[in-house]
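**Q** First the structure, then my questions, so here it is.
The values are calculated or read from the model by the stated rules, or taken from the named source; none is laboratory data. Worth saying up front: this structure is predicted, and the values here are computed from it rather than measured. Note that we place each Cβ from the backbone using ideal geometry, even for glycine, and neighbour counts take in every protein chain shown.
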Amino acid sequence: QEKNFTDIISANLKILTNRLDKIEKEVDVNKSKVLSIENDLRDFKESLNFQETTIMEKINKITKRYEKEINNLNKKTLDLENRSRRNNLRLDGIFEKPNENWNECENAVKEMFKKQLKISNEIIIERAHRIGQPKEDKKPRTIVLKLLNFQDKTKILNATKNLRGTGIYVNEDFAKETMESRRMLWEEVKKLRLE
């Protein structure tokens, strides 16, 4: 009986040992699979990082190109706007009638040409109008004057010396951005003159 008992225990041990060996082999296989998956994941992450970097570089390159194009278009638009104002002048300090219409505004400008600027020959005005809302302090609004030809504009600018002490000012009309740039440049010139 002892032999039978030993044989049974031996047989059971052999079965358990075989099962343990099989489990160890499966664990080893699973470890290999996990390591392989980890390696694949690492490679995938590296590939993703590389692709992300490449995509970001391309996006930055495209963004810079479009920013440059937009900047160039803005410059061209500004240039076109300034060219469209080539024959324009801005007049400040000309008396404004209550509820003044465009004809009255144009007549006030023509009168100023004769009396203050002392320009005798006819200046051809395409349009003259005030800008902005009427002011509560009754200060006259700026007049934007569009002339038919550039020679008349030059004639007016040359005659502005006759306006000294009258409170009337004649300036060239530029786009808002150009006027701001010129104002800032003028401030710098003033500072340099003081030094």
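Yes or no, residue by residue, for (1) touching a strand residue (DSSP E or B) at 6+ places or on another chain (Cβ under 7 Å); (2) in contact (Cβ under 8 Å) with a residue 40 or more places away in the chain:
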{"position": "ILE131", "(1), (2)": "yes, no"}
{"position": "LYS155", "(1), (2)": "no, no"}
{"position": "THR160", "(1), (2)": "yes, yes"}
{"position": "ARG164", "(1), (2)": "no, no"}
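**Q** Please tell me if ASN18 is of a type outside the set (Lys, Arg), in the same structural domain as THR166 (by TED's automatic domain parsing) and either free of Cβ contacts under 8 Å to residues at least 40 places away in the same chain or surrounded by fewer than 10 Cβ atoms within 10 Å (Cβ to Cβ) (or both).
**A** For ASN18, the condition - of a type outside the set (Lys, Arg), in the same structural domain as THR166 (by TED's automatic domain parsing) and either free of Cβ contacts under 8 Å to residues at least 40 places away in the same chain or surrounded by fewer than 10 Cβ atoms within 10 Å (Cβ to Cβ) (or both) - is not met.
**Q** Still on this structure, please answer the following. Which one is nearest to the chain's Cα centre (by Cα) among residues in segment 136-151 that are under 11 Å from ILE123 (Cα atoms) and among the polar types (S, T, N, Q)?
**A** Checking each candidate, the answer is ASN149.
**Q** Mind checking which residues of segment 126-160 are crowded, with 17+ Cβ neighbours inside 10 Å and within 12 Å of ASN88 (Cα to Cα)?
**A** If the condition is that a residue be crowded, with 17+ Cβ neighbours inside 10 Å and within 12 Å of ASN88 (Cα to Cα), then ALA128, ILE143, VAL144, LEU145, LYS146, LEU147, ASP152, LYS153, ILE156 are the ones that fit.
**Q** Checking the condition touching a residue at least 24 places away in the same chain (Cβ under 8 Å), in a helix (DSSP H, G or I) and either within 36 Å of the chain's Cα centre (by Cα) or surrounded by 10 or more Cβ atoms within 10 Å (Cβ to Cβ) (or both), which residue from ASN82, ASN60, ASN72 passes?
**A** Criteria check complete, one pass: ASN82.
**Q** Something else now. For segment 136-195, which positions are outside any helix (DSSP H, G or I) and acidic (Asp, Glu)?
**A** Hits for segment 136-195 are GLU136, ASP137, GLU172, ASP173, GLU195.
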